[in-house]
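Working notes, beginning with the structure itself.
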Amino acid sequence: MRRFLTAYRTPLVILFLAAISALTYLPWVNQISYMNDDWYLMYSANAYGPRAFIDIFSVDRPARAWVMMTAYALFGDNPLYYNLSAYAFRLISALAFFWLLRMLWSHRRDVSLLAALFFLIYPGFLSQINGIDYQSQMVSLAAALLSIALSVRAWFSHRLPEKAAFMIAAALLGWLYLGLVEYFLGFEFLRLGALLILANRGNDSWQRRLQNGIKAWLPNLFIPLAFLVWRLFFFESERGATDIGLQLENFANSPLLTVFWWGIHLAADALDVLWLAWGVPFSNLLPLLRPRHIVSGLVVAVFATYLAYRLTEEHPHVPDEEEKTAWHKEMVFLGLGMLIAGLFPVILVNREVDFVNFTRYSLASAAGASLLMGVFLFHFIPSKHLRWTLIAIVSILSVLTHYANGLQAATQTKMMNEFWWQVSWRVPQIEKGTTLVANYPIGSIQEDYFVWGPANLIYYPKPLDDKSRIRPALFAGVLNDQITNKILVRSSSEYDNRRNIITYADYGNILILSRPSLASCVQLLDGAQPELSAFEENRIMLVAPFSQAGNVLLDAEFHAPPVVVFGGEPPHTWCYYYEKASLARQRGEWDEVIKLGDEALKKNFVPQDPIEWMPFLQAYAREGNTNRLIEIKRYMKKADPFVFLQMCKSLASMQGLDEKTLEIINMYYCAE
């Protein structure tokens, strides 16, 4: 075994990192579809072609357009391929990081391997599951570490053509990664620090060694310098978040106070990345895991620890005295410097790390944190048993965090698929220009395109008359306090141009689609007679009277959601019958409602949200079928009085009911 591990050490390391990362990131990959910003990206590409990415990214990061155009040409609309590609680039970045560390410390394979593993499964970055929008970030991450590794490789090359080739490749990859993600600029410290470490190992005076390091770094200075000159003096960002000049206005107005707060945020973020990242995301996501998930994660983490042990301890290195005093100092210098440098561009533009919405800002510094973790375990923990116990704990926390994060994304995808399939059963077509207000049972609707993106992919997947500008046919509003007020005063069309996508939200012309809980079906609210679930959000209740069901085009052809995005059609259980009955009621087809109700009851389909009995109660009341009214009441023993109040008012106000039916309604639905 020892001879085998020695002969095939590098291929085994590659296989090890690939296997552990695949077991960590990929268990849910085929159950995850579009997430967050993916919706406007993929709608635009689907409707207007991949060149739409040029318009979208011209406002802040033009290079991203070419990555996305290439990805779209290869993968089309299929989210699986984007997620696999993002994973592949993440793996490449870890392999490049390992290569870099091996070149710097060839005698410390153990630290290099563990640092690369920790960087690969770092739990503070939770957007790996968002493979479409974060495709560019993963390409940038891989390009950054390959670029730096090539610069170090050029140092060791003594042949001028070979050295030049490595340096040119490093420069091209450097401009690529900076063009894709400018806040990765901190990686340039990793390049500088690595070259200074190599130069410092000579026997010359420290001044001479410093001169050699700077001399080796100077050709590489052209990489960030050329990018910054372009970014600051030639490119004009249309987004405030990526406009460096705009973000530095605070410094110009109050330099001392700004520097003070930069220092505070830098210290807090460094603590987040180095320490809290290994626990806070885990504690946030742990409630999502079931025992079987925890067992699976434990198996993977323990397996990873065992393999790492075999790969690093088969030939334990006994360093000489010079190595004992040098390697850990070099690693601490490089790791600590990278931790700070990776955060500095983020702090400079008034952003900060958090483990909910902005985990991406921790990714560059994660390289430094992982290196510090490795040197801490192998230099400052003399006990082998304690060291490997800590490695196992760190691995367990990381793997379980990503398991839970993947499960959360898969659960959200399942919810989105169910939501829009139910909408497609209920709504044949929606009038152009309608502003949708939606309520998802899990996950917050942070942006309007979380709603209009899927809606347009289903109902208006092709562009409108003006193909030169990206303009969806349906709009949406995020129901916060501001939008609620606009709906209440019936605010007119509101122009918005975000990333060259034009929308005209009209808060006087809304249609509400709500799924109040996971136990509920999607409920299309009619402002003329809103039927509100006891689970409904307060803001939805407030604006429900303004929902215009007339925006549903009743006689249009049905539009099935694209399977590649929304998965296959769900089984026809209760929600199918409810949606179809609700549509039939709106059409005035009461016989169809009765037919659907009889069929649902025959199959023992009943709702978990009692308000969904309403179409059937009205149909049976019109028919005078009191037996059905009594039967349905038996299913509603735990219904909220709020629901009974609505049922009583709705049924009692129906015209043309006979006395017996009214008596049953009063006895069973109005006496609660």
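Pairs over the 26 Å Cα-Cα cut-off, from the set LYS602/LYS637; LYS486/LYS638; LYS215/LYS329; LYS580/LYS602; LYS580/LYS660: LYS486/LYS638; LYS580/LYS660. If one computes P(r) from the Cα atoms of segment 1-153, what percent of pairs lie at distances over 24 Å? Percent of Cα pairs beyond 24 Å in segment 1-153: 40. Highest mean packing first, where packing is the average number of other Cβ atoms within 10 Å per residue, the peptides 180-189, 381-390 line up as 180-189, 381-390. Label-to-label distance, ASN497 versus VAL302, with points set 7 angstrom from Cα along the beta-carbon direction: 6.0 nm. Here the extension length gained between LEU218 and ALA19 equals 67.8 nm, from 0.36 nm per residue of separation less the Cα-Cα distance. Estimated at 0.36 nm per residue, the fully extended path between LEU464 and LYS637 surpasses their Cα-Cα distance by 57.3 nm. The Cβ shell under 12 Å around LEU126 holds other residues with a net charge of 0, Lys and Arg each +1, Asp and Glu each -1. Using only side-chain charges placed at the Cβ, +1 for Lys and Arg and -1 for Asp and Glu, the dipole size of segment 28-138 relative to its Cα centre rounds to 500 debye. Think of the chain as a dipole: +1 on every Lys or Arg Cβ, -1 on every Asp or Glu Cβ, centred on the Cα centre; then among GLN135, ALA52, ALA88, ALA88 lies furthest on the positive end. Given the options TYR460, SER492, GLN482, identify the residue whose Cα lies farthest towards the positive end of the charge dipole of segment 429-554 (+1 on Cβ of Lys, Arg; -1 on Cβ of Asp, Glu). Working it through, the farthest residue towards the positive pole turns out to be TYR460.
Positive contributions from Lys and Arg (+1) and negative ones from Asp and Glu (-1), summed over other residues with Cβ under 9 Å from the Cβ of ASN46, come out at 0. Helix-only arithmetic for the chain: the sum of -39500 (n - 2.57) across DSSP H runs with n ≥ 4, divided by the residue total, places the mean residue ellipticity at 222 nm at -20000 deg cm²/dmol.
Based on the Kirkwood approach, the hydrodynamic radius assigned to segment 74-162 is 14.2 Å, with every pair of different Cα atoms included.
Judged by the mean number of other Cβ atoms found within 10 Å, the most tightly packed of the peptides 257-265, 574-582 leads the ranking 574-582, 257-265. Counting every C-alpha pair in segment 571-672, the share spaced more than 17 angstrom apart comes to 46%. In degrees, nearest 10, range 0 to 90: what is the angle between the Cα axis of helix 79-104 and the longest Cα principal axis of the chain? It works out to around 20 degrees.
Relative to the longest principal axis of the Cα atoms of the chain, helix 135-156 runs at roughly 0 degrees. DSSP finds beta bridges in the chain, and of those with both partners inside it, around 50 percent are antiparallel.
Taking the highest mean first, how do the peptides 217-229, 44-56 order by number of other beta carbon atoms within 10 angstrom per residue?
In descending order of packing, they fall as 44-56, 217-229.
Residue by residue, segment 267-273 carries 3J(HN,Hα) couplings of 5, 5, 5, 4, 5, 4, 5 Hz when phi is fed to the Karplus relation 6.51 cos²θ - 1.76 cosθ + 1.60 (θ = phi - 60°); x denotes Gly or Pro. Among the trypsin sites (Lys or Arg not before Pro) within segment 485-534, those in coil by DSSP and having at most 12 neighbouring Cβ atoms inside 10 Å are ARG490. Along the axis of the charge dipole computed for segment 12-91 (Cβ charges of +1 for Lys and Arg, -1 for Asp and Glu, origin at the Cα centre), the listed residues LEU23, MET35, ALA65 are led at the positive end by LEU23.
Under the convention that each Lys and Arg Cβ holds +1 and each Asp and Glu Cβ holds -1, the size of the dipole of the chain around its Cα centre is about 2400 debye.
Relative to the longest principal axis of the Cα atoms of the chain, the long axis of helix 187-199 makes an angle of roughly 20 degrees.
For ARG159 and LEU210, the difference between the fully extended length at 0.36 nm per residue and the C-alpha to C-alpha distance is 16.1 nm.
Candidate values (i) 55, 46, 21; (ii) 48, 32, 23; (iii) 57, 28, 21 were compared with semi-axes √(5λ) of the Cα gyration tensor in Å computed on the shown model; the agreeing label is (iii).
All of the numbers you see were taken from the coordinates with simple rules; none came from a lab. These numbers were taken from a predicted model, which means no experiment stands behind them. All Cβ positions, glycine included, derive from the backbone under ideal geometry; neighbour counts span all protein chains shown.
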